[in-house]
Amino acid sequence: MATLMQKQNILVQKFGGTSLSTPEAREHVLRHIRRELARQVKLVVVVSAMGRSGDPYATDTLLESTVLNGSIPSARERDLLMGCGEIISAVTLSGMLSSEGIPAVALTGAQAGFITDDNFGNARILAVRPERVLRELEAGKVVIVTGFQGQSELGDMTTLGRGGSDTSATALGAALHADMVDIYTDVNGILTADPRIVEDAKPLTYVSYTEICNMAHQGAKVIHPRAVEIAMQAQVPVRVRSTFAEGEGTLVTQPEQFVDSPGGVVDRFVTGITYVNNVTQITVGQQEGIDQLQLKVFQAMAENKISVDFINVTPYGAVYTVFDNEAQRAEAVLEEMNLRPSILSGCAKVSVVGGGINGVPGIMARIVAALSEQNISILQSADSNTTIWVLVKKEDMVQAVRALHNQFQLHV
């Protein structure tokens, strides 16, 4: 396993679809590559498909083309199709570098050594065998690797599911014992809240692996939690940076690596406020004649592949949430069991995340106070070592996020 002490002079950069979508955006990518090469590092660049849905080579656009043609390919064939966007990005970027006299080579996920299971569309990485990548680096080339994809042990192309390119980048960084993985996106690092609803959200200089995992799981979309978990296991630091600016962005690493000022460390209770909307609260009360109600409820959800969250179990029943688009099906399953669930749709889960929450008195009191001042009802709450969750009505979500951001002075 790599550690922070094992320096290999290797940097992994990952560029998302918006960073590659236009010639102007790709010029910014080239600028970041040139800057790092001037530092004499060995450079691996992981790329996503260009653009987003509607753009010619975006993954969603490729999938939509099969539907328009009246065909529904199998999961295996869909993965073959979905891998095309990243290949186009890799070849395009490699060609741009070569035209500037910078030696470069494009590799597919399979050629870069990604071995996965055969769960097409959401494959898990079993191993990364980066020998070919290392040979190309030793030959002085920039190695461009297609993100989001690998190869099953039978040789089929597979894709890694949501956040797959982030996962490719950190997995490759771990396998190469890289000094750093830079995740480039369209925002300048990780912010204390979604800047679309909190105007004074502040960029974070440092975030721990655990904090950003929780923020990502609870709605922050800057980096995928699977990618962070891999980096944490391998002790590879990650920076989240803007493609379109020169700032250092946010460093994701262990808390002991934080250096906020000479001789100092970051000392904060709360790091950020996140949210997940479009959820439905389901309450199932204990009913006469039904034994082991809680067990039966959650077994039924699992058997019907309905994802549950925000779970409170008591001797009197169970309360939990599902996404709005699963609520009707969940209700039908419960009614088939002769249960009478109470359904509250149009909710949102707001999360207060911070590595300093655990063991600190008064955090929940401040949350309740901030929401009460705005006349926002808390429908449900739960907590862990690093996160406190509250469920509110969807129409209260924006005000709840703003109130909590202000309560913990995250704008300062």
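Annotations for the structure displayed:
- Whole-percent carbon and sulfur share, accessible surface of the chain, 1.4 Å: 51 percent
- Per residue, the solvent-accessible area of the chain (1.4 Å probe, heavy atoms of protein chains only, all protein chains present) comes to 46 Å².
- Computed from Cα positions, the angle between helix 397-407 and the longest principal axis of the chain comes to roughly 80 degrees.
- Relative packing of 309-318, 14-23, 166-175, which averages over residues the other C-beta atoms within 10 Å, highest first: 166-175, 14-23, 309-318
- Radius, Kirkwood style, for the range 189-244 when every pair of distinct Cα atoms is counted (Å): 11.8 Å
- Lys, Arg +1 and Asp, Glu -1 on Cβ, resulting dipole of the range 264-354 about Cα centre, debye, nearest 20: 240 debye
- Candidate values (1) 192; (2) 169; (3) 135 were compared with volume of the Cα convex hull per residue in Å³ computed on the shown model; the agreeing label is (2).
- In the range 363-412, the inverse of the mean reciprocal separation of distinct Cα atoms equals 11.1 Å; this is its Kirkwood hydrodynamic radius.
- Taking the chain and dividing mean pair separation by its residue count, relative contact order in percent (alpha carbons under 8 Å, at least six apart): 14 percent
- Sequence-distant aspartates and glutamates (8 or more away, or on other chains) whose Cα lies within less than 18 Å of Lys349: Asp194, Glu211, Asp309, Asp324, Glu326, Asp383, Glu395, Asp396
- The C-alpha atoms of the chain define a longest principal axis, and helix 164-176 lies at about 60 degrees to it.
- Bins of 5 Å, starting at 0 and running to the largest distance - Cα pair percent for the range 141-281: 2, 9, 17, 21, 21, 13, 8, 5, 2, 1, 0
- Taking other residues whose beta carbon is less than 14 angstrom from the beta carbon of Met337, and scoring Lys, Arg as +1 and Asp, Glu as -1, yields -2.
- In percent, rounded to a whole number, the relative contact order of the range 175-250 is 47, using alpha-carbon pairs under 8 Å and six or more apart.
- Considering only Glu303, Glu326, Glu395, the mean-square fluctuation computed in a Gaussian network model of the chain, springs between alpha carbons under 10 angstrom, is largest for Glu303.
- Structure remark: mean-square fluctuation, Gaussian network model of the chain, C-alpha springs under 10 Å; the largest value among Val240, Val143, Val91 belongs to Val91.
- Folded to 0 to 90 degrees: helix 293-303 orientation relative to the chain principal axis, Cα: 30 degrees
- Sequence-distant contacts, meaning Cα pairs under 8 Å at least 6 residues apart, place the relative contact order of the range 327-412 at 33 percent.
- By average C-beta atoms within 10 angstrom, highest first, the peptides 227-236, 277-286: 227-236, 277-286
- Cross-link pairs exceeding 26 Å in C-alpha to C-alpha distance, out of Lys14/Lys202; Lys296/Lys393; Lys202/Lys394, comprise Lys296/Lys393.
- About the centre of its Cα atoms, the chain shows a dipole size close to 700 debye [charges on the beta carbon of Lys, Arg (+1) and Asp, Glu (-1) only; nearest 20 debye].
- Alpha-carbon Rg with Dmax, taken over the range 272-335, Å: 12.3, 45
The values are calculated or read from the model by the stated rules, or taken from the named source; none is laboratory data. What you are looking at is a predicted structure, and each value in this text was computed from that prediction instead of being measured. Glycine also receives a Cβ, built like all others from the backbone with ideal geometry; neighbour counts cover every protein chain displayed. Please note that ligands, DNA and RNA were not included when accessible areas were found on the heavy atoms of the full protein model with its side chains. Shrake-Rupley method; radii C 1.70, N 1.55, O 1.52, S 1.80 Å.
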